[in-house]
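S.K.: Below is the structure I would like to discuss, written out as structure tokens.
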Amino acid sequence: MKLWLEKIHLDLSVNWKLSRNQTTFKENFIVHLETSLGIFRSEIAPNIRYGETVNSIKAQAEEWASFTDLTRINSLEVLSRELDHRPMHHSLRFALESVFISYLATVQGQSLVEFLQLPPLKAAATSFSMPIMPVGEIADYLKPLGAFQSLKIKVDAESAEEMLKEIVRHTSVKLRVDANEGWKDLDAYMRFEQKIKRMNIELIEQPFPSDLGLEYRELKKHTSFTLLADESIEDVGDFSELKKQFHAVNIKLMKTGSLIKARDLILEAKRHDMKAMIGCMIETTIGISYGMLFNSMVEYVDLDGFLLIKDEPFKLVKENEGILDIAQGV
């Protein structure tokens, strides 16, 4: 049994600008697990918001491998114990867990859906994301996106109103407004809400930093929109508190660090009468195909990260008229 990481450079089709950073490329890792049953793969998409870098991922992976006897991992219990033995970034933990779960499922002659006891896999409509961009570029960006039923709009406090006004001039689809913690002031944000209240807004995602719990509680009392938590939920979630701040949660495998935790967080959200989204980072279709496992469990699908990559190399997920489906197995 052999495990190795392959760093890949991914050029993007757009300048990916958020409220906190921007880039024209991503550097991810593909994790390979070579066994007697074949080679299994998963993906690491580091995110600087959570302190993850290419170098820290590589160092943690090498340290974990040096202290771990891979041949002993023959059950979920052993796998969880080995992964929790040393601190590691969530995206790295996800990739290691998922590649071994793919192997363990094959040992038992099961699909990942069966092994994880998930509802049947299904195709689903995804939103398509738009980064922060000059107003003059919006019309051209939207032209090829007519098949998508919703758009996810990255905004900041300075340009959000202007961007959204231009977007609704060119499309009538549902808009998912993602602020990436861009507002710091509740009153300023509420003034913004008043200006967009007649737009076709499906939800507002994480307008404030995750530590502004009191502001979120107050906002939920007065907002006319569905509030979605992203940065406020990672590998654990206090749903008794989250329910007071949000209507829904965005579950991303790279920040939960686990297929099992993702499943359990979605189920916990439902127990608290909250909706759920399955989301992603900018990932190839290796990572996205794992996210597709949860389509049947959630109200919102946002798995377009691979569509932002020039010449995505693996082609494991196909998109047709805004609908995602598995092209072949992981």
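The values are calculated or read from the model by the stated rules, or taken from the named source; none is laboratory data. Note that the structure is a prediction, hence the values are computed from the model and not measured. In this analysis, Cβ positions are derived from the backbone assuming ideal geometry, glycine residues included, and neighbour counts consider all displayed protein chains.
S.K.: Just the residues that are polar (S, T, N, Q) and closer than 24 Å to F100 by Cβ, please, taken from the range 1-30. Steps first, please.
M.R.: Pass one, the range 1-30, residues polar (S, T, N, Q): 13, 15, 19, 21-24, 28.
Within the range 1-30, just N28 meets the criteria.
S.K.: Please name all residue pairs, on different chains or six or more residues apart, with Cβ atoms under 7 Å, provided the first residue is in the range 71-91 and is more than 13 Å from I57 (Cα to Cα) and the second residue is among the β-branched types (V, I, T) and part of a loop (DSSP other than H, G, I, E, B).
M.R.: Short answer, once both residue conditions are applied: L79/I73; E82/T68; E82/I73.
S.K.: Out of the residues in the range 259-283 that are in a loop (DSSP other than H, G, I, E, B) and over 12 Å from the mean Cα position of the chain (by Cα), which is nearest to L324 (Cα to Cα)?
M.R.: Per the stated criteria, the residue is M274.
S.K.: Let me ask another. Among the listed residues N200, N180, which satisfies the condition of being surrounded by fewer than 21 Cβ atoms within 10 Å (Cβ to Cβ) and within 19 Å of the chain's Cα centre (by Cα)?
M.R.: Working: N200 fails: within 19 Å of the chain's Cα centre (by Cα).
Exactly one of N200, N180 is surrounded by fewer than 21 Cβ atoms within 10 Å (Cβ to Cβ) and within 19 Å of the chain's Cα centre (by Cα), namely N180.
S.K.: Cβ-Cβ below 9 Å, separation at least six or inter-chain, first residue in the range 104-118 and surrounded by 15 or more Cβ atoms within 10 Å (Cβ to Cβ), second in a helix (DSSP H, G or I) and of a type in the set (K, R): which pairs?
M.R.: Short answer, once both residue conditions are applied: L116/R263; L118/R263.
S.K.: OK, next. For residues in the range 40-59 being small (G, A, S) and either touching an Asp or Glu at 6+ places or on another chain (Cβ under 9 Å) or assigned by TED's automatic domain parsing to the domain that holds P313 (or both), which is farthest from L3 (Cα to Cα)? Break it down stepwise before answering.
M.R.: From the range 40-59, those small (G, A, S) are 42, 45, 51, 56, 59; that's our starting set.
From the residues that got through so far, the ones that are either touching an Asp or Glu at 6+ places or on another chain (Cβ under 9 Å) or assigned by TED's automatic domain parsing to the domain that holds P313 (or both) too are 42, 45.
Details: S42: 11, A45: 18 Å.
So, considering only residues that are small (G, A, S) and either touching an Asp or Glu at 6+ places or on another chain (Cβ under 9 Å) or assigned by TED's automatic domain parsing to the domain that holds P313 (or both), the one farthest from L3 (Cα to Cα) is A45.
S.K.: Six or more apart or on different chains, Cβ atoms under 8 Å: show the pairs whose first residue is in the range 140-156 and more than 24 Å from T226 (Cα to Cα) and whose second is surrounded by fewer than 16 Cβ atoms within 10 Å (Cβ to Cβ) and hydroxyl-bearing (S, T, Y).
M.R.: Close Cβ pairs satisfying both conditions: none exist.
S.K.: Could you check the range 213-231 and list, in sequence order, the residues that are polar (S, T, N, Q) and either under 24 Å from the mean Cα position of the chain (by Cα) or part of a helix (DSSP H, G or I) (or both)? Can you show your working first?
M.R.: Kept after step one, since they are polar (S, T, N, Q), are these residues of the range 213-231: 223-224, 226.
Result: T226, single match.
S.K.: Let me ask another. For the range 13-36: of the residues being β-branched (V, I, T) and without any contact (Cβ under 8 Å) to a residue 60 or more places away in the chain, which is nearest to V177 (Cα to Cα)? Can you show your working first?
M.R.: Residues of the range 13-36 β-branched (V, I, T): 14, 23-24, 30-31, 35.
Subsequent filtering for residues that are without any contact (Cβ under 8 Å) to a residue 60 or more places away in the chain retains 23-24.
Details: T23: 20, T24: 21 Å.
It comes out as T23.
S.K.: In the range 80-95, how many are under 14 Å from A262 (Cα atoms) and out of contact with any Ser or Thr (no Cβ under 9 Å at 6 or more places or on another chain)?
M.R.: 1
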